[in-house]
1. When the residues of the stretch 15-42 are filtered to those that are among the hydrophobic types (A, V, I, L, M, F, W, C) and in a loop (DSSP other than H, G, I, E, B), which remaining residue is nearest to GLU55 (Cα to Cα)?
2. Say we look at the stretch 156-177 and pick out the residues that are closer than 14 Å to HIS41 by Cα and polar (S, T, N, Q); which of these is modelled with the lowest pLDDT?
3. Look at the stretch 125-155 and say how many of its residues are at pLDDT below 95, surrounded by 12 or more Cβ atoms within 10 Å (Cβ to Cβ) and assigned to a helix (DSSP H, G or I).
4. Just name the residue that is farthest from VAL35 (Cα to Cα) out of those in the stretch 79-91 that are of a type in the set (Gly, Ala, Ser) and not in a helix (DSSP H, G or I).
5. Mind checking which residues of the stretch 64-78 are in contact with a Phe, Trp or Tyr (Cβ under 8 Å, 6 or more places away or on another chain), within 13 Å of GLN100 (Cβ to Cβ) and either outside any strand (DSSP E or B) or polar (S, T, N, Q) (or both)?
6. Can you run down the residue pairs with Cβ atoms below 8 Å, 6 or more apart or on separate chains, where the first is in the stretch 30-56 and of a type in the set (Ser, Thr, Tyr) and the partner is buried (at least 24 other Cβ atoms within 10 Å of the Cβ) and in a loop (DSSP other than H, G, I, E, B)?
7. Determine if the stretch 69-78 includes at least one residue that is among the aliphatic types (A, V, I, L, M), modelled with pLDDT of 95 or more, crowded, with 21+ Cβ neighbours inside 10 Å and touching a Ser or Thr at 6+ places or on another chain (Cβ under 8 Å).
8. What number goes with the only condition from (1) in contact (Cβ under 8 Å) with a residue 12 or more places away in the chain; (2) over 22 Å from MET54 (Cα atoms) that TYR131 does not pass?
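The values are calculated or read from the model by the stated rules, or taken from the named source; none is laboratory data. Note that this is a predicted model, so its numbers are computed, not measured. Don't worry about glycine lacking a Cβ; one is built from the backbone with ideal geometry, like all the others, and counts go over all protein chains shown.
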Amino acid sequence: MFAYALRGLAIERANQVWALDITYIPMARGWVYLVAVLDWHSRRVLAHRVSITMEVDFCVQALREAAARWGTPEIVNTDQGSQFSSADFVAEVMRIGARQSMDGKGCWRDNVFVERLWRSVKYEDVYLKAYDGVSAARQSLATYFEFYNARRPHQSHDGRTPDMVYFNSLGPMQAAA
């Protein structure tokens, strides 16, 4: 297990801390699993993946995509799920050069920003659509996250979007890349 590294930490910029979590997404028939990589400071969804199984691969792929597109965070924070404590995931965190942090056992508040994301995506998209299948879920969730990042204002950011906060907190060279 990894210690929770965020207690008392001032998170003041993009790519300082990323959070990952998995939720289930109900469909008209059955369900899929969704993992998201969320920038803690801006609440921007940096990458996501949908899977029909709870294997670790989709979590590793989401983290790998986020790091390839947006750089390396200082800390990757997750819950204590088996996907995030697996050898493959731990190796990926190390490969990208980040430090791993894990929430306390049963402490959902330690990852509250991802929990809020799940509430938003489910009430603003999933429950309204009852996806017909996996491809419909993937398409709709991708569209929703584009909206969430670029157009959905956040009260915690004085009405600014996650994109505004994320890109404004990057240095000029990082934002240009």
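1. Per the stated criteria, the residue is MET27.
2. As a first pass, look at the stretch 156-177 and keep what is closer than 14 Å to HIS41 by Cα: 156-158, 160-170.
Next, from what is left, pick out any that are polar (S, T, N, Q): 156, 161, 168-169.
On the way: SER156: 82, THR161: 95, ASN168: 90, SER169: 86.
So the residue we want is SER156.
3. Residues meeting the conditions: 1.
4. So in the stretch 79-91, the residues of a type in the set (Gly, Ala, Ser) come out as 81-82, 85-87, 91.
Now restrict to residues that are not in a helix (DSSP H, G or I): 81, 86.
Working: GLY81: 12, SER86: 15 Å.
Selected residue: SER86.
5. Filtering the stretch 64-78 down to residues in contact with a Phe, Trp or Tyr (Cβ under 8 Å, 6 or more places away or on another chain) leaves 66, 73, 75-78.
Next, only the ones that are within 13 Å of GLN100 (Cβ to Cβ) stay: 73, 75-78.
Result: PRO73, ASN77, THR78.
6. Close Cβ pairs (under 8 Å, with a partner that is buried (at least 24 other Cβ atoms within 10 Å of the Cβ) and in a loop (DSSP other than H, G, I, E, B)) amount to SER42/ALA14.
7. Just the residues of the stretch 69-78 that are among the aliphatic types (A, V, I, L, M), to begin with: 75-76.
The next check asks that each one be modelled with pLDDT of 95 or more; those that pass are 75-76.
Going one step further and asking which of them are crowded, with 21+ Cβ neighbours inside 10 Å, we end up with 76.
From what is left, the residues that are touching a Ser or Thr at 6+ places or on another chain (Cβ under 8 Å) are 76.
Checked against the condition, which is being among the aliphatic types (A, V, I, L, M), modelled with pLDDT of 95 or more, crowded, with 21+ Cβ neighbours inside 10 Å and touching a Ser or Thr at 6+ places or on another chain (Cβ under 8 Å), the stretch 69-78 yields at least one hit.
8. Just one mismatch for TYR131, condition (2).
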